[in-house]
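The values are calculated or read from the model by the stated rules, or taken from the named source; none is laboratory data. Since this is a predicted model, take the numbers as computed values, not measurements. For neighbour counting, all protein chains shown are included, and Cβ atoms are generated from backbone atoms with ideal geometry for every residue, glycine included.
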Amino acid sequence: MAEPRQKLQVGPVLRRAGQVYARWAAMLIPAALVFHLIPLAVAVGLRDIGGLGGVLIEIVTALLSLAATCWIGGVAVKAVQAFERGNEEPSLGAALAAIRPVLLKLVGATFLTLVFVGVGLIFLLVPGLLFLARLSLIVPVVVVEGGPVTTSLSRSNELVEGSTFRVLLVVLLVVVATIGIQQLFLFGSPPADDIGTQVAGLFASALTDPMLGILAAVMYFRLAPRPQSQTGAALPTTDETTA
């Protein structure tokens, strides 16, 4: 029997993401600040190194930033998973421990996603947007299902198929909101103040990275096949049982 597919509804996704964000912001935002503070400290502390050393520092900083984003995205997935199952709030330590075994997979899968989307946007706009939508569930797929990187990329593509434009709408809304928040933080920073700009970016990322992870996780749990009851009917999600 084919797996039952869910139809993504944008409104409920945004509402659920807002509920999870409001409930666990006190855990997710400080964690995001700490994780993003590490690459910022490296960049600021070693900013005077030039030449090949400077290039290496930039690469290391970029990798640390990517790892920080993956950590926060994974913790956000665990928060949504607990919410969907009606479980108690996961502790930050427990969530981080659960993400640690798949962190390298998360970094690799997220890096490949960025490459696909970036190349698609540079050369052909439409393929880039399609990659952005089809691979947007990569973090929850890796965290929940734990498959290899290539399998996880295919799985994300499979889940989004049939809801591509709705997923793309959600992703674009988040991108626009993220850019808006970043610009608000950058508004008071002098144009020539590189450190001020990076600090502003730190606070903006601390606010937006958890929401990105939460939205991806909410869409994943809407699009992934639901557990079935003994009669074969799909069990309702938490918001359906409380409606």
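Here are the numbers for this structure:
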{"item": "T208 crowded, with 17+ Cβ neighbours inside 10 Å, at pLDDT below 90 and of a type in the set (S, T, Y)", "result": "yes"}
{"item": "Unique residue being of a type outside the set (K, R), within 19 Å of A217 (Cβ to Cβ) and touching a residue at least 60 places away in the same chain (Cβ under 8 Å) when the list is L132, L66, L159, L153", "result": "L159"}
{"item": "Lone unmet requirement of (1) β-branched (V, I, T); (2) modelled with pLDDT of 90 or more; (3) farther than 19 Å from V174 by Cα for I138", "result": "(3)"}
{"item": "Filtered residues of region 30-65 (kept if surrounded by 14 or more Cβ atoms within 10 Å (Cβ to Cβ) and in contact with a Pro (Cβ under 9 Å, 6 or more places away or on another chain))", "result": "A31, A32, V60, T61, L64, S65"}
{"item": "In region 69-83, residue farthest from the chain's Cα centre (by Cα) [restricted to those that are surrounded by 19 or more Cβ atoms within 10 Å (Cβ to Cβ) and farther than 25 Å from Q198 by Cα]", "result": "F83"}
{"item": "Total residues in region 9-29, condition touching a residue at least 24 places away in the same chain (Cβ under 8 Å), surrounded by fewer than 20 Cβ atoms within 10 Å (Cβ to Cβ) and part of a helix (DSSP H, G or I)", "result": "9"}
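Rundown of residues vs (1) at pLDDT 85 or above; (2) over 16 Å from Q9 (Cα atoms); (3) surrounded by 14 or more Cβ atoms within 10 Å (Cβ to Cβ), yes/no style:
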position	(1), (2), (3)
R166	yes, no, yes
L186	no, yes, yes
D194	no, yes, no
A204	no, yes, yes
L215	yes, no, yes
P225	no, no, no
Q228	no, yes, no
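Conditions tested, residue by residue: (1) more than 20 Å from the chain's Cα centre (by Cα); (2) aliphatic (A, V, I, L, M); (3) at pLDDT below 80.
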{"residue": "G51", "(1), (2), (3)": "yes, no, yes"}
{"residue": "V55", "(1), (2), (3)": "yes, yes, yes"}
{"residue": "A67", "(1), (2), (3)": "no, yes, no"}
{"residue": "P101", "(1), (2), (3)": "no, no, no"}
{"residue": "L104", "(1), (2), (3)": "no, yes, no"}
{"residue": "V107", "(1), (2), (3)": "no, yes, no"}
{"residue": "L125", "(1), (2), (3)": "yes, yes, yes"}
